[in-house]
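Take a look at the structure set out below.
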Amino acid sequence: KKTKKKMLFVGTFFVCVIFTTILTLRAHFSSVQEISKSQEKSSEYESFKWTYLRVYLIAMGSDWLQGPFVYALYDSYGFSQTDIARLFVAGFGSSFIFGTFVGSL
């Protein structure tokens, strides 16, 4: 039974990796085509890009740093390690699914 669950997990993981790779390549090649159409980047765009990147990295870093504290919080509420793992997977999975489609809007 554990082997079936493990195979399901591994299979799902690889499907997600392939799907994410396809979406990333598609986005990259479409942006490369747009950039080649207009080679000239304005300084306003460059300023916006670096401001966005700084804020994005701060947000991602803070999200990454809060993981152990959220784990400790769930542990203090009496959740089992399995339940905590399920909560983390559900959170990352919903971000993967909804973020992919909402981000493309």
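Taking only protein heavy atoms into account and a 1.4 Å probe, give the accessible area per residue of the chain in Å².
Working: 9610 Å² over 105 residues.
That works out to 92 Å² per residue.
Please list, by residue number, every one of the chymotrypsin sites (Phe, Trp or Tyr not before Pro) in the range 48-105 that is coil in DSSP and has at most 12 other beta-carbon atoms within 10 Å.
Details: sites: Phe48, Trp50, Tyr52, Tyr56, Trp64, Phe69, Tyr71, Tyr74, Tyr77, Phe79, Phe88, Phe92, Phe96, Phe98, Phe101; in loops: Tyr77, Phe79.
Of the chymotrypsin sites (Phe, Trp or Tyr not before Pro), the ones in loops of the range 48-105 whose Cβ has at most 12 other Cβ atoms within 10 Å are Tyr77.
Please report the carbon-and-sulfur percent of the accessible area for the chain; probe 1.4 Å, protein heavy atoms only, DNA, RNA and ligands left out.
Carbon-and-sulfur percentage of accessible area, whole number: 69.
Label the range 51-105 by shape, choosing from rounded, prolate and oblate, from the square roots a ≥ b ≥ c of the eigenvalues of the Cα gyration tensor; if a/c is under 1.5 it is rounded, and otherwise prolate applies when a/b is larger than b/c, oblate when it is not.
It comes out oblate by the Cα gyration axes.
Would you work out the Kirkwood radius for the chain? I mean one over the mean of 1/r across all pairs of different Cα atoms, in Å.
This gives a value of 17.4 Å.
Work out the length of the dipole vector of the range 43-105 about its Cα centre, built from +1 on the beta-carbon of each Lys and Arg and -1 on the beta-carbon of each Asp and Glu, and round it to the nearest 20 debye.
Values: 3 positive and 5 negative charges, 11 e Å.
With only Lys, Arg, Asp and Glu charged at Cβ, the dipole is about 60 debye.
Full extension from Tyr52 to Ile22: what is 0.36 nm times the residue separation minus their Cα-Cα distance, to one decimal in nm?
8.4 nm
The values are calculated or read from the model by the stated rules, or taken from the named source; none is laboratory data. For clarity, every value in this text was computed on a predicted model and none was experimentally measured. Reconstructed Cβ throughout: ideal geometry from the backbone, glycine too, with neighbour counts over all protein chains shown. In case anyone asks, the SASA skips ligands and DNA or RNA and just uses the protein heavy atoms, side chains included. Shrake-Rupley method; radii C 1.70, N 1.55, O 1.52, S 1.80 Å.
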